[in-house]
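Take a look at the structure set out below.
The values are calculated or read from the model by the stated rules, or taken from the named source; none is laboratory data. Bear in mind the structure is a predicted one, so any value in this text is a computation, not a measurement. Cβ: placed from backbone, ideal geometry, glycine included. Neighbour counts: every protein chain shown.
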Amino acid sequence: MKISYCPRWLCSDGDEMITQHIEIRSNDKSQIPITETGYRSCFLMGPDVLEEYQNDPVQFVLAWLDEASQTKKWKCHLEQSRQGDLFG
């Protein structure tokens, strides 16, 4: 997986209007818990939005993946991937 981060993707003169950008790509464009296409773009507003994650975008993405991997939709995807699909 590749994570790209731009801390000041868009900003005004003051720090309060900073937009941060994170791009997530799976290595082989395979589905991951936060995207069916293997690509996800995320815009974060404000300079301190990543403070909870020690200002580390990788920690933010890992927490996001952990949370999304617990959803019913992702668990169904994993189960179907293991079983295969005879009709699809």
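A few points about this structure:
- Per-region count, the range 53-88, residues farther than 17 Å from I18 by Cα, free of Cβ contacts under 8 Å to residues at least 40 places away in the same chain and over 11 Å from the mean Cα position of the chain (by Cα): 20
- Looking only at the range 1-52, and only at residues there that are among the β-branched types (V, I, T) and without any contact (Cβ under 8 Å) to a residue 24 or more places away in the chain, the one that is nearest to S69 (Cα to Cα): T35
- Residue within the range 32-48 that is aromatic (F, W, Y) and either at pLDDT 95 or above or exposed (fewer than 13 other Cβ atoms within 10 Å of the Cβ) (or both) present: yes
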